[in-house]
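K.L.:
Before anything else, here's the structure in question.
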Amino acid sequence: MTVRRLSGIVVRAAAVGVLVGLVVLGGVTAGRWLTERVYDRIEPYGSTALIGGRSIPLSVRPGPACAWGSSAFTLDESDSVAMTGLAAPEGQRWLDMAGNVYSTDFIRRFRYDAGTPAGPEVRLRVAPRGVTLTGRIEARGLKPNFVYQVKVRGLFEHREAFEAIGYAGRWRFPGTETNYTDGDYRASVRKHLAEAYVFFDILVTDARGNAAKDFVLDHSLHVVWNGSRQRDDCRRSDILPIWVDASDPEVYAVPKQAPTLERLWAEREVRRYGRGNATVRLPTGVYRAELVLTEETFHDHGSDGGWWGTVMSAPVSFEIVAEEHTGAADVPGASRPGEAAGS
């Protein structure tokens with residue numbers, strides 16, 4: 001253990017020395033490239049959780065295992081729907097992913113309402129059928145340098161699909177408590193008040209609040225962390241490096257002259273994994289649900305840190321079909337739509 005830690009210190013020290021020299025000789029662009037490459041090459045084990053006698057890595061790289069797809073804006077009214085923003089969502093966060101505070105003027109004028117002068121435009125396309133939920137989101141005018149959780153959320157009136165989603169993801173009831181178990185849901189006499197969702201991907205905006213990406217439901221996530229500022233007990237290969245430009249005085253209370261490198265990683269909802277690198281998918285069936293964007297707060301619960309406010313939504317309908325030679329879902333205890341999932 002001592003040898004490994006000492007080696008890590010030597011490697012990091014050497015990396016920093018090379019990085020400084022490269023920045024001086026080659027400029028900021030080369031320095032950024034080396035920073036990301038060196039960080040990704042240092043590979044600690046990361047924290048694990050013991051589930052069913054198996055050691056499950058706590059971390060996973062946010063987003064689909066496949067390529068993230070084009071960042072170009074291609075959706076329009078002919079092939080997508082507009083997501084609806086809430087007029088005054090509770091628990092909003094007024095810090096970007098790096099903890100930079102938005103200006104008073106920005107906070108005063110920003111709204112999620114569609115159609116308002118400062119309101120964002122977010123379009124969504126969902127594949128109608130597949131072995132898992134896939135689609136694309138394109139957004140303009142969201143909060144700058146911000147992380148949004150991408151979730152599929154069940155509708156209680158479609159009970160079977162609602163419960164299949166909850167048993168693949170998480171449950172919430174009214175209030176600030178968030179960590180409810182399957183047993184809590186089964187025992188509740190207020191099931192109609194529950195929120196059932198799978199948090200499976202993230203949407204990260206640029207300095208203008210824009211983002212475009214393809215998504216795939218292949219994981220069930222718990223929360224996102226910033227390894228540069230909070231927890232870094234993750235596998236280095238699971239880190240998503242993001243450069244944050246917080247220099248706009250119209251957006252930030254204290255603009256920054258230089259960009260910062262933020263290292264995002266996702267914590268798995270580990271109870272939904274039967275083995276280390278399993279793919280989590282919804283059971284086969286027809287789903288009528290919502291796709292929602294929730295502000296990521298990084299467990300930063302100060303006055304401006306927020307409390308996971310869900311800010312945009314759109315109704316979705318899709319069918320999950322079985323992949324040849326595989327089961328419907330790699331989710332321990334999950335039930336298919338149409339089967340009993342506890343009353």
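The values are calculated or read from the model by the stated rules, or taken from the named source; none is laboratory data. Fair warning: this is a prediction, and the values are worked out from it, not measured in the lab. Ideal geometry is used to build each Cβ from the backbone, glycine not excepted, and the neighbour counts take in all protein chains shown.
K.L.:
Under 6 Å by Cβ, and 6 or more places apart or on different chains, what pairs join a residue from region 122-133 that is touching a residue at least 12 places away in the same chain (Cβ under 8 Å) and farther than 14 Å from F215 by Cα with one that is of a type in the set (A, V, I, L, M) and crowded, with 21+ Cβ neighbours inside 10 Å?
P.N.:
From region 122-133, the pairs are V122/M83; V122/A139; V122/M312.
K.L.:
Here is a follow-up. So is G99 at positive phi, touching a strand residue (DSSP E or B) at 6+ places or on another chain (Cβ under 9 Å) and buried (at least 19 other Cβ atoms within 10 Å of the Cβ) or not?
P.N.:
yes
K.L.:
Let me ask you something else. List the pairs whose first member sits in region 207-225 and is closer than 17 Å to L95 by Cβ and in contact (Cβ under 8 Å) with a residue 12 or more places away in the chain, whose second member is basic (K, R) and not in a strand (DSSP E or B), and whose Cβ atoms are under 9 Å apart, counting only residues at least 6 apart or on separate chains?
P.N.:
Partner pairs satisfying both residue conditions: G209/K143; W225/R231.
K.L.:
Which ones in region 103-123 are crowded, with 23+ Cβ neighbours inside 10 Å and not in a loop (DSSP other than H, G, I, E, B)?
P.N.:
V122
K.L.:
What's the number of the only condition in (1) in contact with a helix residue (DSSP H, G or I) (Cβ under 9 Å, 6 or more places away or on another chain); (2) under 17 Å from L95 (Cβ atoms) that A246 fails to meet?
P.N.:
Among (1) in contact with a helix residue (DSSP H, G or I) (Cβ under 9 Å, 6 or more places away or on another chain); (2) under 17 Å from L95 (Cβ atoms), A246 violates only (1).
K.L.:
For region 145-187, enumerate the residues that are part of a loop (DSSP other than H, G, I, E, B), buried (at least 24 other Cβ atoms within 10 Å of the Cβ) and not polar (S, T, N, Q).
P.N.:
G169
K.L.:
Can you tell which of F146, F173 is of a type in the set (A, V, I, L, M, F, W, C), in the same structural domain as M312 (by TED's automatic domain parsing) and touching a residue at least 40 places away in the same chain (Cβ under 8 Å)?
P.N.:
Just a single option satisfies the conditions, and that option is F146.
K.L.:
Based on what the data block shows, is G274 closer than 21 Å to F106 by Cα, touching a residue at least 40 places away in the same chain (Cβ under 8 Å) and either outside the structural domain of K143 (by TED's automatic domain parsing) or of a type in the set (G, A, S) (or both)?
P.N.:
no
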